[in-house]
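Worksheet: the structure to be examined is printed underneath.
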Amino acid sequence: MPVKEQIGIVISNKMQKTIVVKIENRYPHPFYSKTVIKTKKYLAHDEQNECNIGDQVLLQECRPLSKKKRWKLSKVLSKSSLTS
């Protein structure tokens, strides 16, 4: 069975070894045909604390690591131009 992967943007890295990632899902409205954007936040495991706010990352589904953490950082696709 393949592992689920999603691309998102880091919106918080204030926790130790944990990042919050925003993932957008775009789809056309079934009746009005306007593009609807749904946003969902996921907690992900970042072992080396390498992510900063604004980085684009690839997440990979894994076993439950805590009450809300079910994803882990696979790789950083692009670094943010903002440095904090």
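Read the figures in this text as sums done on the coordinates, not as results from a lab. Keep in mind it's a predicted model, so treat the numbers as computed, not measured. Don't worry about glycine lacking a Cβ; one is built from the backbone with ideal geometry, like all the others, and counts go over all protein chains shown.
With the structure loaded, tell me whether ILE53 is under 9 Å from the mean Cα position of the chain (by Cα) and surrounded by 15 or more Cβ atoms within 10 Å (Cβ to Cβ) or whether it fails that test. No; evaluated as a whole, the condition is false for this residue. For first residues located in the stretch 49-72 and under 15 Å from LYS14 (Cβ atoms), partners that are outside any strand (DSSP E or B) and aliphatic (A, V, I, L, M) and lie 6+ apart or on another chain with Cβ distances below 9 Å form the pairs ASN52/LEU82; ILE53/LEU82; GLY54/LEU82. From the list LYS4, LYS38, LYS14, the lone residue that is touching a residue at least 40 places away in the same chain (Cβ under 8 Å) and over 16 Å from SER78 (Cα atoms) is LYS4. Considering only residues in the stretch 1-10 that are part of a loop (DSSP other than H, G, I, E, B) and in contact with a strand residue (DSSP E or B) (Cβ under 8 Å, 6 or more places away or on another chain), the one that is surrounded by the fewest Cβ atoms within 10 Å (Cβ to Cβ) turns out to be VAL3.
Rundown of residues vs (1) among the basic types (Lys, Arg); (2) at negative phi; (3) part of a loop (DSSP other than H, G, I, E, B), yes/no style:
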position: SER12; (1), (2), (3): no, yes, no
position: ASN25; (1), (2), (3): no, yes, no
position: LYS40; (1), (2), (3): yes, yes, no
position: LEU43; (1), (2), (3): no, yes, no
position: LEU65; (1), (2), (3): no, yes, yes
position: SER74; (1), (2), (3): no, yes, no
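Considering only the stretch 21-38, state which residues are of a type outside the set (Phe, Trp, Tyr) and surrounded by fewer than 10 Cβ atoms within 10 Å (Cβ to Cβ). The answer is ARG26, HIS29, PRO30, SER33, LYS34, THR35, ILE37, LYS38. Entry remark, the stretch 45-63: residues being more than 18 Å from GLU24 (Cβ to Cβ) and either part of a loop (DSSP other than H, G, I, E, B) or touching a His at 6+ places or on another chain (Cβ under 6 Å) (or both) number 8 in total.
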